[in-house]
């Protein structure tokens, strides 16, 4: 029921689940070009870059795979003329602190990104009666503006839904 309503609300949404096999950059480009009509807008989301490059058929180290994957995503953004939201897993040192250098495995997440966003949940905060928890989105880096802005959100884990919260972060 919810899936049908979501599909009706977002008829131009296409999902490619690459959790069981490698989705090469060439395959991603081919599929994206097949669904985008007349050079229309495209947002490509890779969740997570770490899981995506881990499935690549290569003997490269994690560091080398991450750097190759990030380079491939930059090339895809240029080829497809689109924005790419690349979700990064955190390194152990930043599991609780977050911040600009929180991505695991490669500095190229923060140095190569146009914008870097961080999500923080106050520790040990249980869901409220609506099943939501407070989340703070921080703009860690923004090449087109000022970083440091904080936005208060509410997150419902079971529905994977964010909404803007009342008040300040």
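The sole residue among 150, 123 that is loosely packed, with under 14 Cβ neighbours inside 10 Å, without any contact (Cβ under 8 Å) to a residue 24 or more places away in the chain, outside the structural domain of residue 30 (by TED's automatic domain parsing) and farther than 28 Å from residue 34 by Cα is 150. In the stretch 26-44 there is at least one residue matching the filter, namely being in contact with a strand residue (DSSP E or B) (Cβ under 6 Å, 6 or more places away or on another chain), surrounded by 12 or more Cβ atoms within 10 Å (Cβ to Cβ) and under 16 Å from residue 83 (Cα atoms). Residues considered: 83, 102. Of these, the only one that is closer than 15 Å to residue 48 by Cα and touching a strand residue (DSSP E or B) at 6+ places or on another chain (Cβ under 8 Å) is 102.
Residues in the stretch 127-138 that are touching a strand residue (DSSP E or B) at 6+ places or on another chain (Cβ under 6 Å) and part of a strand (DSSP E or B): how many? Talk me through it step by step, then tell me what you get.
Taking the stretch 127-138 and keeping what is touching a strand residue (DSSP E or B) at 6+ places or on another chain (Cβ under 6 Å), we get 127, 131-133, 135-138.
With the extra rule that they be part of a strand (DSSP E or B), the set shrinks to 132-133, 135-138.
Number of matching residues: 6.
In a helix (DSSP H, G or I), at pLDDT 90 or above and loosely packed, with under 13 Cβ neighbours inside 10 Å: does that describe residue 8? Judged against the criteria, residue 8 is not a match.
The values are calculated or read from the model by the stated rules, or taken from the named source; none is laboratory data. This structure is a prediction, so every number in the text was calculated from the model and none was measured. In this analysis, Cβ positions are derived from the backbone assuming ideal geometry, glycine residues included, and neighbour counts consider all displayed protein chains.
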